[in-house]
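The structure appears below as structure tokens.
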């Protein structure tokens, strides 16, 4: 059975009982809580494997923390209380098939993902005409594994992409175009003849190594007509490898930050939080090369989904619904149901008061399972100090004109130390226009 139920609860208990739907059946193979991208992928996979799936979300929209919201909705979403139970459960008749004395309810807490949020000025009109990505700014390689998954699963029928027209890098006070092909390298007037020759020689070496990998395993010298990069070089820092090939700083910056999209300073191995080795750098270059002109309507290497990244989890939710998954939005889960004797997970208690049972449950990481319990059939990584790898500062600006004339969607890279001497991370700026339906026409 596939369904899509949206609720609109009011403040009183009687009204809540009237507005919250009664879910039938009450037992599933899998309950998924949160419609973010990872959860939606799992729901679609389980439904495709003929498992019965109940997919819930406390929000009135799909996507959870992977959604795209209007400006007005964004402010209210970011200001959610930081550590609270979603709602108090309401009385509900016990399920006849289950003995309620055999299990206990353990309350969940919902954690805040954003440490700080600030808005200034008035929203432009019409504010609903603007969509902001919660996970963005983010672009996809045309040959990204996510794109391949969308194609294989059929989810690509539910989402449309537009090409990123140009990639620019800020270098020595100017914005420079990042060439995406051999032809573009030779046309680039900002590169000298020696730089062009060095870059072409390097790309030939990389392509030879990639081709030799596709032909089979081998040594470090000529093989099947191709030359492989020595194994020792593959384990060295990628920035050192680029320097060993006598590539100038500007070309190195383009490869490291605009093609492989490194987040941290790669030129200083001691202070870099995430150093890319040559093997990983070559793989990223191969992905970039494979992405260029992969699709007829995307001549560059990068694409962006129409209506924002919130369309990606929705696409997988639609696939799951077609396979029989049941969807209920605006339905908070208040507690997990655990067997009193074994401590194993049995089900969930909803805000409606209804108990729903399943063999397994998956929850997005903003819901915290009490540390005193750890049922083996509950999948929830959770947010805590040990699982946080870092923090990201994001900003949204509305401009009246394009960074580059006649270009709608542009990726701008500010490498480490390009703006100020203590800058240790890459700053990415993604300009989006009305052709991806995230702002009104004319912007």
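Among the candidates 229, 251, single out the residue that is touching a residue at least 12 places away in the same chain (Cβ under 8 Å), buried (at least 19 other Cβ atoms within 10 Å of the Cβ) and part of a loop (DSSP other than H, G, I, E, B).
None of the other options fit; the residue is 229.
Please go through the range 169-184 and give me each residue that is at pLDDT 80 or above and out of contact with any helix residue (DSSP H, G or I) (no Cβ under 7 Å at 6 or more places or on another chain), ordered by number.
Residues satisfying the conditions are 170, 172, 173, 174, 175, 176, 177.
In a loop (DSSP other than H, G, I, E, B) and surrounded by 19 or more Cβ atoms within 10 Å (Cβ to Cβ), is that true of residue 324?
no
Quick one: which residue in 167, 190 is in contact with a strand residue (DSSP E or B) (Cβ under 8 Å, 6 or more places away or on another chain), assigned by TED's automatic domain parsing to the domain that holds residue 251, surrounded by fewer than 15 Cβ atoms within 10 Å (Cβ to Cβ) and within 14 Å of residue 253 (Cβ to Cβ)?
Among 167, 190, only 190 is in contact with a strand residue (DSSP E or B) (Cβ under 8 Å, 6 or more places away or on another chain), assigned by TED's automatic domain parsing to the domain that holds residue 251, surrounded by fewer than 15 Cβ atoms within 10 Å (Cβ to Cβ) and within 14 Å of residue 253 (Cβ to Cβ).
Every residue in the range 185-201 that is touching a helix residue (DSSP H, G or I) at 6+ places or on another chain (Cβ under 8 Å) and not in a loop (DSSP other than H, G, I, E, B), please.
185, 186, 195, 196, 198, 199, 200
Of the residues that make up the range 193-204, is at least one surrounded by fewer than 18 Cβ atoms within 10 Å (Cβ to Cβ), in contact with a strand residue (DSSP E or B) (Cβ under 7 Å, 6 or more places away or on another chain) and either closer than 19 Å to residue 303 by Cβ or outside the structural domain of residue 321 (by TED's automatic domain parsing) (or both)?
No.
Which strands (runs of 3 or more DSSP E) does the range 132-184 wholly contain that include 3 or more residues that are farther than 28 Å from residue 70 by Cα?
Qualifying strands (runs of 3 or more DSSP E): 166-171, 174-177.
Working only within the range 333-368, note down all residues that are within 23 Å of the chain's Cα centre (by Cα) and not in a strand (DSSP E or B).
Within the range 333-368, 364, 365, 366 meet the criteria.
Among the residues of the range 67-80, is any modelled with pLDDT of 90 or more, assigned to a loop (DSSP other than H, G, I, E, B) and under 19 Å from residue 309 (Cβ atoms)?
Within the range 67-80 (the criterion being modelled with pLDDT of 90 or more, assigned to a loop (DSSP other than H, G, I, E, B) and under 19 Å from residue 309 (Cβ atoms)), the answer is yes, since at least one residue qualifies.
Take the residues in the range 254-265 that are in contact with a helix residue (DSSP H, G or I) (Cβ under 7 Å, 6 or more places away or on another chain) and not in a helix (DSSP H, G or I), then tell me which one is farthest from residue 279 (Cα to Cα).
So the residue we want is 262.
For the list (1) surrounded by 16 or more Cβ atoms within 10 Å (Cβ to Cβ); (2) free of Cβ contacts under 8 Å to residues at least 60 places away in the same chain; (3) over 30 Å from residue 305 (Cβ atoms), I need the number of the one condition that residue 209 fails.
(2)
The conditions are (1) in a loop (DSSP other than H, G, I, E, B); (2) buried (at least 18 other Cβ atoms within 10 Å of the Cβ); (3) at pLDDT 85 or above, and residue 246 fails exactly one of them. Which is it?
So residue 246 meets the others, but not (2).
Are any residues in the range 40-55 buried (at least 24 other Cβ atoms within 10 Å of the Cβ) and either under 24 Å from residue 110 (Cβ atoms) or out of contact with any strand residue (DSSP E or B) (no Cβ under 7 Å at 6 or more places or on another chain) (or both), and if so, which ones?
Listed by number, the residues that qualify are 40, 43, 44, 53, 54, 55.
So residue 308 clears everything in (1) at negative phi; (2) crowded, with 19+ Cβ neighbours inside 10 Å except one condition, right? Which one?
(1) is the only condition that residue 308 fails.
Can you tell me which residue is surrounded by the fewest Cβ atoms within 10 Å (Cβ to Cβ) among those in the range 396-443 that are within 20 Å of residue 258 (Cβ to Cβ) and touching a helix residue (DSSP H, G or I) at 6+ places or on another chain (Cβ under 7 Å)?
Across the range 396-443, the extreme among qualifying residues is 408.
For the structure I just gave you, tell me whether residue 58 is surrounded by 19 or more Cβ atoms within 10 Å (Cβ to Cβ) and modelled with pLDDT under 75.
The answer is no for residue 58.
The values are calculated or read from the model by the stated rules, or taken from the named source; none is laboratory data. A quick note: this is a predicted structure, and the numbers were derived from the prediction, not measured. Ideal geometry is used to build each Cβ from the backbone, glycine not excepted, and the neighbour counts take in all protein chains shown.
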